[in-house]
Structure formats: C-alpha cells, structure tokens
1. Which one of the conditions (1) within 14 Å of chain A (Cβ to nearest Cβ); (2) surrounded by 21 or more Cβ atoms within 10 Å (Cβ to Cβ); (3) within 16 Å of the chain's Cα centre (by Cα); (4) not acidic (D, E) does B:L186 fail to meet, given that it meets all the rest?
2. Take A:L80 and decide whether it is in the same structural domain as A:D10 (by TED's automatic domain parsing) and either under 23 Å from the mean Cα position of the chain (by Cα) or of a type in the set (A, V, I, L, M) (or both).
3. Just need a number here: residues in segment A:10-55 that are at pLDDT below 95, closer than 24 Å to B:R118 by Cβ and either out of contact with any Ser or Thr (no Cβ under 9 Å at 6 or more places or on another chain) or part of a strand (DSSP E or B) (or both).
4. Could you count how many residues in segment A:302-323 are within 20 Å of A:P276 (Cα to Cα) and modelled with pLDDT of 85 or more?
5. Among the residues of segment A:152-171, are any hydroxyl-bearing (S, T, Y) and at pLDDT 85 or above?
6. Looking only at segment A:245-299, how many residues end up being among the acidic types (D, E), in a helix (DSSP H, G or I) and closer than 28 Å to A:P144 by Cβ?
7. Report yes if B:A223 is part of a strand (DSSP E or B) and buried (at least 17 other Cβ atoms within 10 Å of the Cβ), otherwise no.
8. Looking at this structure, is B:P240 within 14 Å of B:T280 (Cβ to Cβ), in contact with a Ser or Thr (Cβ under 8 Å, 6 or more places away or on another chain) and surrounded by fewer than 18 Cβ atoms within 10 Å (Cβ to Cβ)?
Amino acid sequence: MAESILFVDDDRMVLNALERTFFETAYRTFFALNAHDALTLLASEKIDMVVSDIRMWPMSGYDLLKEVRARYPTVIRLVLSAYGDRRMMVKVICEGVAKIYILKPWDNRQFIGQIDHLFTMYRSLSDVQSSGIISAEKHLPVLPELYVRLVRMIEEERSLKEMAAMIETDPSCTVNVLKLVNSAFYGLSVGSVHQALVYLGVDCIKDIVLVSELFKGAGGLPANDARVLLNRHMIVSSTLLHGLHQRLLAERIREEYSATGLLADIGRLILLDLQPDLYRSMLERYVKEPVRSLTELEMNALGYSHEQLGALVLDWWSLPAYLIEACLYHHAVPSAGSTLPREVIALIHIADGYAWRIAEGVATVAIAPEAAGLFPISEKDLDDHVASIMSRADCINR
Amino acid sequence: MKECAAEIDSVVRENESLKGMVHHLKETQGQLLRSEKLASIGRLSAGIAHEINNPVGFVSSNSTTLLGYVDRIKEILKMYRTGIKKDLIDKREKQLKIDFILEDIDQLLMENIEGLARITTIVNNLKKFSRDQQSGELISADINEGIRSVLILVKNESKYYADIITDFGDIGQIPCTISELNQVFLNIIMNAVQAIKEQGRGEKGLITVKTWRDDAWVYIAIADDGPGIPQEIQDKIFNPFFTTKPAGTGTGLGLSICYEIVVDKHGGDIQVASRTGAGTTFTIKLPRIREDLNG
C-alpha cells in the first residue's frame, strides 16, 4: 500500500495547494486545519508522515509534533512553515521534534523529491531493522548524557556562556571538543569552549560533543589501536571535508553541516563497541591487505554495514535527516532529494577515501565516479588540493 | 571693565557650548525615536513574514501546478485541431484528468487572486504605518484609520493570543503626525499582546480599542484583560529606559517615546489605569485643534 502523508496547516489555501502538489503522486494524502483534527486523523488512519505548520491555534505545530512523537514514534515528522525564526528552527531540529524544517514558499517538485527520498531512506533502514540483525533495545548505545544535557539547555534557550560552563564541568569532553574543533575543522583555531560556541554555533557544537563522547568508547574501555585509528580517520576526513568544501565550492561549509564529516563514520565507532574483536581484526585486515571495500567486509561478516548502523542509531536518537544522510550515503551518493546537499555528501565520500589513503596508507581506496564527477576537476588537481590541505592541517601529528 | 568683558566672553562661550549640547541631544533623541520605530517594526516582522510567506507559498505552488494544467489543455487542444478521432481524444482527456483540471482551474485562480490580495493588504498597511512625514509636521488625519492600519499589522502576531475588538466613534480628523501616533498605538497594543501571551493561559485574551470625542479632545482607550501592571511601578513606566523585560530584549524606550509623542509633540495626555490580575487601560487624549500653534 502507498505511504500516507498528513498535512496540517491553519490556512485552508495552503492545504489546497499541497493537495494539488501531491495530486499526481502515489501517496495517500490527508489534511487537517488544526492539531486537534490532526490527532483525530492519526488515531483513525494509518499515517506514515506528518507535515505540519508551526504557528497554529490553539495547539502549535511544535506541540503537535511533540505529541505525535510521544504517541506515534515511528511516524516521520516534518515542518513546513512560513515562520523562519532561527531560534524555532534550531529548537525543532535540536530536540528531534522534526526530521526536516522546510520554509515556505516551497518548490513543488523539490518538495515531492524530498519526501520521496525520505521514504526511500526509511524503507532501507527498516529493512535492516526488521531483519532482526540489530535490535535497538538490546545493543545500541544510548545518547551520551552530556549531549542530552546540552540539548536541554538549548531547549531552555540558555546562554552560550552557561552552555560552555556546563561542557567545561567535564574536563575530558572539554579537551576533546577543543581538539576536534582545532584539528578537524580546517582553518579554525579556538581557545575555549565558549569561543567554539560563538564561532560554530550551538547546532554544530552539540554534534561535536556527541562525537567526542563517542570517541571515549563504551563503558570507558581503554583506548586500543583500532579506536585510535578510527578517531584519527574521522578527524582527517572532517579536515579534508572542510578544506575541500572551501576550495571546490568556494565557501565555508554551512554551520549545521560542519560536523557531518565527523559523524559520517559514527557507525564504525559503534561497531567497534558492539563487536570489538571482530571489527578490530576487520580493520586490521582492511589496512594491511586492502583488496575489497570495508563495507563489503562488513556486509559479509555481519549482514549490515557501518553506514546502515550509524544511520539507524542517529535516527533512533531522533537526530535530523541531514546527519542520517551523511551516515547512510557517504559511500553511495543519492541522485536527488536529500536534505544534505549532494555536493556535501560527495565531498564526505571523497574526504573519507583520501583519509584512508593518506593517513592510513590504504592505497587502493576507490573514489566513486558519481561523487568526483560532481566537481569539474582532474584527479591530479584533487590530489594536489588534498596534499596542500593536509600540509597545513596538523591533524595527523596528534 | 576688563573683568566684566572676560565674564561676558566666558558666558558667551558657555552659551555656545550649551547650544551645541542641546543640538546634540536633539539629534540623539531623533536617532532614538527612529531606532525605536525600527524596533517596533522588528517586533512585528516575524508575524508579517509569516503572513506574507503563507500566501506566497500557495500562490507560487499553485502557479507551478497551473503550468502543468495548461500543458495538458494545450495537448488536448492540439489533438482537436489536428482532427484526431474523437474517441482517442476522449481517452487521452481521461488520462490527463481534463475534467478535474477544468473544474479546479477557476478555484485555483480565485485562490491565487486572494493570496495576492492578502499580500497587497499587508504591504499597503506597512506603507500607511510608516508614512513619510517630518517629525513635528502636523497634517489632518483620521485617527481611526491609523488604528485600523496598525491592527491589520498587529493581527498577524496577535491572533494566536488575543481577540481585538474596536468601538470607533465619529471623531473626524485632527492635526497630527499620524505615523508617530501609529507608533504609539502599535507599542501599547503590542505590549498588551505580549503581556497576555506571557501569561500562557489556555484561552485567548481580549483587547478593546475605543475612540470618542468631546468639544476639545479626541480620546483613545486601549484596554486589555492581561496581567496588569503592579501598583508600585505604574508611575515609572513612562520613564526612559525603564523596562521589566530581560536585558537585551527591550529598549525600555517604548512607553517613554509614546509619552513624548503624545504629550510633548501633540499637546495631549496619556494615562494608565491598571489592577494586578484585572488588566490595563491606557487612555490617550489629543487636542482637536492646536491653538498653541495658531497663536
């Protein structure tokens, strides 16, 4: 049966336009003028996705989506709003109230593309989940507590100073955050958590806190070679992503996307916690005798890949679509519809490949032509860019 | 004699420097007034952006849809013109859902026209609100009309928190700087909306705007059923920089500038009556004739 979408907006004409937009698609569509009607529909119909406005009376779209999350956690939630208040956008995305925040006016074709893409993504994730190989309740790590506390502070609209003070109560996290910002964010140099927050914004710092907590490893396991290798790989990938973005797209990577290079490989870190011995030997084999892709090794041994695992965990943690996409697609750039721009996904892929080559000496890593093809640049020039970025960054030496 | 001349000299110099200071203060005051006007528009801008982007959203989406409709109609028209067999055309019409399109097309265009009208209303009222008029320049204007334009702008922000009802008397026109008075009305009404909003009560509040006149004065009363202003700060609210809002969110100039516009610039008066828990009423009176200026 086709997937169903419920649109909620207090403007009848917006709903009419949306009805026309989706008229020729296969989706079953439902429409509600307020939160109350929306909840009634959700109770009686099988709804797969809710697309809601924010400003509504008497219950706001924000409260509605929170309610939907509590009552129907598997329903995908999106915001389509004319209200471009940055604080509200950060709040909605940070708290995991919605996967994507879309601003009106919308482009019909692009909007349909985004929704198609989202459903495709969830179908592929639910395949892995329903195969029973990974069971969220049993094995997957919970969100690090420091991260949860930071998100709560964002919710409460606390000041950057207070947030910095909170992070600094955890010395090892503070050290890690500063190390990550200074080494993995090409061209940036900050001396304090507060400075990092000012430069990069809460959006990005909370992702970095997440990564730095995961760097520590589950249950405070002692650092081993494999963990050191992975941490280094993620930092080098992130540096290259930042540097290449600046050089090939002639601008800094957007604030909210700037931790994607770090988070893309989070599935590997989690794998190392789930299957320490197996994954360590897999990594060793990959670095020593690199004949196949690591993803292939994972699929053969485990039945799922680090991309799928990372995406699943991030989704389970209610993180936004662009982070899930960074995980899921950095080895297979999707054709269209992703929230994270294709160019960024392609650059994550390229950066990841070069990081294996340069930092770990895995000479045979292949860069997918559909990723490299997005940039009008020869392989030689790309090599030169990478070499020059790496010569200026000091991320390998640490 | 020499001493006297020196004293006169120094008095003249002091006088000059005082004049300079007064000039400087006037300039600063003008800047503050302008920045407060910007700030009060800023308070509205989120609501206005919302109210404009909604119609822009459906008008632009509908226009794209319409483009698709027109393509299909053209295709059928072409078939008719080339004289293809009727049953083939019928079949294609069904595929392309031509009946549905023909039915929807009128509705779609009506909705687009309404969307554009909604945008036009907001833009016109923004223009009316900030009508270019020299500060202090008095032109006959209709206060009711001014309040109406303010209410349309405020509505975008207020409609989620309060109903606003008006009771406009036949007050005619008075000599005034209407753009500045609009700023006064906007500030007081927005304060009321915000106070009600911050109460976070489950139901909408009520704001009433009433105008009437007697022989000499025009009166405007703006009443809300919000939290009220505590007795102990009522005599401070018109002081410059007095604010109850957290630092950084308000300039604290809103009501002091209201006072200045009404009392100093228009020779009127502004009074507040409020009880904690029962609401607040601001009453403004403005002279119908400015004798001070004629004489």
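1. Exception for B:L186: condition (1).
2. Considered against the rule, which asks whether it is in the same structural domain as A:D10 (by TED's automatic domain parsing) and either under 23 Å from the mean Cα position of the chain (by Cα) or of a type in the set (A, V, I, L, M) (or both), A:L80 comes out as yes.
3. Qualifying residue count for the region: 2.
4. 10
5. Yes, the conditions are met somewhere in segment A:152-171.
6. Of the residues in segment A:245-299, 6 are among the acidic types (D, E), in a helix (DSSP H, G or I) and closer than 28 Å to A:P144 by Cβ.
7. Details: part of a strand (DSSP E or B): yes; buried (at least 17 other Cβ atoms within 10 Å of the Cβ): yes.
Criteria met by B:A223.
8. Against the criterion (within 14 Å of B:T280 (Cβ to Cβ), in contact with a Ser or Thr (Cβ under 8 Å, 6 or more places away or on another chain) and surrounded by fewer than 18 Cβ atoms within 10 Å (Cβ to Cβ)), B:P240 does not qualify.
The values are calculated or read from the model by the stated rules, or taken from the named source; none is laboratory data. The structure displayed is predicted, hence computed values, not measured ones. Cβ coordinates were reconstructed from backbone atoms using ideal geometry, including for glycine residues, and neighbour counts include every protein chain displayed.
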